[in-house]
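These notes are about the structure you will find just below.
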Amino acid sequence: MNTENLLGKETSPYLQQHASNPMNWMPYSDEAFELAKATNKPVFISIGYSSCHWCHVMARESFSDPEMAAFMNENFINVKIDREEYPGVDRTYQEIYQMLYQRGGGWPLSVFTNAEGTPFFMGTYFPKVKSYGMNSFSEICNLVMNAWDTKQDDIAQQASQIKEGIVRLNQYLTEVPGELSEEMYQEQVKLIQGRFDHKYGGIGSAPKFPRIATFRYLLQEGHNSKNDAVTDFVKFTFHRMSQGGIYDQLGGGFARYSVDKEWLVPHFEKMLYDNAGLIQLGADLYTSLKDKFAQWVVFDTISWLAREMTSPEGGFYSTLNADSEGVEGKYYVWTMDQIKETLCDTKTEAATLRYELTEKGNFFDPHHSELTGMNVLSVKKSISEMMGILELSENDTVALLNEVRQELFKERVSRIAPSRDTKIIVSWNSLMIKALFIAAESLNLETAGQLALNAINFIIDNLIEEDRLLHSYHKLGEDQVDRKIEGVLDDYSFTISALIHAFEYTDDWKYIKVADKLMDMVHIKFYNSIEHVYYVNPIDLDNQDLFSKVLQPTDDSMASGLGMLVSNLFKLSKYLVKPDLEKKARLLVERFAGRFNESVASMNEMMISATALIRYPTEIVMVGSDEDLSKSYFGSYLPNRLIYRWNENNKDDGRPSWDVLEGRTEVDIPTVYICKGQMCSLPLTDSDSVSEELSK
């Protein structure tokens, strides 16, 4: 029987945060469930992550309480899971929670299971004492133990029903196949438009999330149909987010979401995947609308990434905590006294006007009522408004505000910073790598391209084994356990996408060869050839457990890996000349197309990917080498494209003979052909001609 806390040797910063709890925590492992079976005890599973504010609250209130811990140690096998290490396990339990309670889950997720890991009671955060309309954690645990002791038959029946429910949910998602059509895409745009917040930007009301896949979809469709109302709304929303408190006005980078409808007060944690998506969206806004402000935000966010989130090995860390010194947002907020102590009178006036700072403040922490007068920095006055009030020129106003920003940032650096989760998560890294390649192309930003190349090469060298892709990397300390957790579908799908972008950026065929290898693994590990679907977790069709039948076609805070897989299948079918992959892409989309417009913005990543199946991509054919000519097509907004190059350097690297090159490989000077549908342009030999042709 486990009589100690076993988290001390784990690499996860989240598990390390709980290593000193009096709870006898065990890491997620077969041993934990074997112990539950041997002792006939229920399992309590607590799922969270290192930058989760309410996870920290529950830890302080309940898991650090000796009396509560003693009760839990006597009656339960206690398992702590970092949801960033086991996203497939988390996804399964989140799906079950939503199925049982008909509402979204979240973190911490509190799960009570049998020895097979099948839940019979679930919740999220439970307070120490009854409050917020919720029973206390101790009350819940006593109710669970009473049920375990007196209702074993009911618990077994519910476990069976939950497994059946997962199967029925999958059947529901795929039972209405559909055919792709332009009308389907137009209808989705109308549905999303009905939820626009025209005053503050974004979709719906508080709390507000960036909804990145949705806004990428809207930008693509607005651009395709020349619908200025849609593209302008995407730009408006991006500006409002970037001017709000959800964006770090001093250090750069976006927080996870806003607790209010105005994007003012964020949940302060910064997640790598959010910033990846918003870098990509900002870069796309620049190429499609020449939005200079979006360009600046992309530069600023990449600067934050390079400064605070890049490991010496080249990978990217996962998160920055919301809390510092036990207080959410303390690192980021300012009282008027702190402003005055940092800035001279003129700059204090400028900061007060720019951010609408007040003595009362605009942020209040309900757990620390003694802290008052705290201001989240949010841009409230434009440069032109500041010019009029301060009676300064535009250059002088910009210079003054830059000095304010630099001085406040310098002062903030002296504070105790939030902790950083230094896990390098493959799926999140791959989203960032893809975004950096897009930014490098769109903004002609070589530093972004180099960051992306460093990271994708790190993944290739350290996380791809002969027969699997690992989920994460963490530098091991003394006596720490190297769990080598295998990736889920998101890891494979996002990495394949990043590799394809690496090829398109560099013309290095090795990236396609690695992508091909990973796609072969995907079909071995995740694919059901009868149903034409790909599951979240690796599956054994002969021995299916609770986790082996979970599908995720919908987007959440990240794009759907299943949705992105459609684009990967299509592009690899063209680059590798494997028509069967395009067939798989079409069969996959048709399984879910009947549900696309059933709920608003639920499957936008899959819809983005599937456009290649109804609007054949723009094909860019470049024969010969010319850097300036390459940059001419990199600077165009082409969310749906294929790039074929042929030159002296790549003739013998193993790439197939593409049909589109037939009759075009012999040229006197570097030449580009732009092909749309079945029609190709005349030979183009200068950058202006390429840009003009792409703009048609």
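The values are calculated or read from the model by the stated rules, or taken from the named source; none is laboratory data. None of the values given here were measured: they were computed from a predicted structure. Methodologically, a virtual Cβ is constructed for each residue, glycine included, from the backbone with ideal geometry; neighbour enumeration extends over all protein chains shown.
The criterion of being surrounded by 23 or more Cβ atoms within 10 Å (Cβ to Cβ), in contact with a helix residue (DSSP H, G or I) (Cβ under 9 Å, 6 or more places away or on another chain) and among the polar types (S, T, N, Q) holds for Ser318. Select from the stretch 318-348 the residues that are part of a loop (DSSP other than H, G, I, E, B), of a type in the set (Gly, Ala, Ser) and more than 11 Å from Met374 (Cα to Cα) and list them in ascending order. The answer is Ser318, Ala322, Gly326.
Looking at His532, is it in contact with a helix residue (DSSP H, G or I) (Cβ under 8 Å, 6 or more places away or on another chain), of a type outside the set (A, V, I, L, M, F, W, C) and at pLDDT below 95? So His532 passes the test.
Report those helices (runs of 4 or more DSSP H) wholly inside the stretch 484-584 carrying at least 2 residues which are of a type outside the set (Asp, Glu) and more than 19 Å from Leu469 (Cβ to Cβ).
Filter on the stretch 484-584 gives 489-506, 561-575.
Quickly run through the stretch 395-454 and pick out the residues that are in a helix (DSSP H, G or I) and of a type in the set (D, E, K, R). Answer for the stretch 395-454, where residues must be in a helix (DSSP H, G or I) and of a type in the set (D, E, K, R): Asp396, Glu403, Arg405, Glu407, Lys410, Glu411, Arg412, Lys434, Glu441, Glu446.
A single entry from Glu598, Glu605 fulfils the requirement of being closer than 15 Å to Tyr217 by Cβ and of a type in the set (Asp, Glu): Glu605.
Of all the criteria given as (1) modelled with pLDDT of 95 or more; (2) not in a helix (DSSP H, G or I), the one not satisfied by Ser205 is (1).
Among the residues of the stretch 239-253, write down those that are of a type outside the set (A, V, I, L, M) and closer than 24 Å to Glu403 by Cβ.
Narrowing the stretch 239-253 to residues of a type outside the set (A, V, I, L, M): 239-240, 242-245, 247-249, 251-253.
His239, Ser242, Gln243, Gly244, Gly245, Tyr247, Asp248, Gln249, Gly251, Gly252, Gly253 - these are the residues of the stretch 239-253 that are of a type outside the set (A, V, I, L, M) and closer than 24 Å to Glu403 by Cβ.
When Val623, Val667 are checked against the criterion of being among the hydrophobic types (A, V, I, L, M, F, W, C), in contact with a Phe, Trp or Tyr (Cβ under 7 Å, 6 or more places away or on another chain), at pLDDT 90 or above and not assigned by TED's automatic domain parsing to the domain that holds Tyr575, a single residue qualifies: Val623. When we screen Lys410, Lys360 for residues that are over 23 Å from the mean Cα position of the chain (by Cα), within 30 Å of Asn454 (Cβ to Cβ), loosely packed, with under 15 Cβ neighbours inside 10 Å and modelled with pLDDT of 95 or more, the only hit is Lys410. Is the stretch 31-54 home to any residue that is within 30 Å of His368 (Cβ to Cβ), assigned to a helix (DSSP H, G or I) and not aliphatic (A, V, I, L, M)? Among the residues of the stretch 31-54, at least one is within 30 Å of His368 (Cβ to Cβ), assigned to a helix (DSSP H, G or I) and not aliphatic (A, V, I, L, M), which makes the answer yes. Please determine, by comparing only the residues of the stretch 658-677 that are out of contact with any helix residue (DSSP H, G or I) (no Cβ under 6 Å at 6 or more places or on another chain) and β-branched (Val, Ile, Thr), which one is surrounded by the most Cβ atoms within 10 Å (Cβ to Cβ). In this case the residue turns out to be Thr671. Against the test of being more than 30 Å from Ser20 (Cβ to Cβ) and small (Gly, Ala, Ser), the options Gly106, Gly117, Gly133, Gly123 yield a single qualifying residue, Gly133. Within the set Arg655, Arg641, the sole residue that is among the charged types (D, E, K, R), closer than 30 Å to Asp490 by Cα and crowded, with 19+ Cβ neighbours inside 10 Å turns out to be Arg655.
Any chance the stretch 615-630 includes a residue that's within 30 Å of Met271 (Cα to Cα), touching a helix residue (DSSP H, G or I) at 6+ places or on another chain (Cβ under 8 Å) and among the hydroxyl-bearing types (Ser, Thr, Tyr)?
No, that holds for no residue.
Here's the yes/no breakdown for (1) in contact (Cβ under 8 Å) with a residue 24 or more places away in the chain; (2) surrounded by fewer than 24 Cβ atoms within 10 Å (Cβ to Cβ); (3) of a type in the set (D, E, K, R):
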site	(1), (2), (3)
Asp479	yes, yes, yes
Asp482	yes, yes, yes
Ile485	yes, yes, no
Asp490	yes, no, yes
Thr506	yes, yes, no
Leu518	yes, yes, no
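Here are Asp555, Asp580: which of them is acidic (Asp, Glu), surrounded by fewer than 20 Cβ atoms within 10 Å (Cβ to Cβ) and not assigned by TED's automatic domain parsing to the domain that holds Met99? On inspection, the qualifying residue turns out to be Asp580. For the residues Ala19, Ala69, the requirement of being modelled with pLDDT of 95 or more, surrounded by fewer than 20 Cβ atoms within 10 Å (Cβ to Cβ) and in contact with a Leu (Cβ under 8 Å, 6 or more places away or on another chain) singles out Ala19. Among the residues of the stretch 311-325, just one is out of contact with any strand residue (DSSP E or B) (no Cβ under 8 Å at 6 or more places or on another chain) and either free of Cβ contacts under 8 Å to residues at least 12 places away in the same chain or of a type in the set (Val, Ile, Thr) (or both), namely Pro312.
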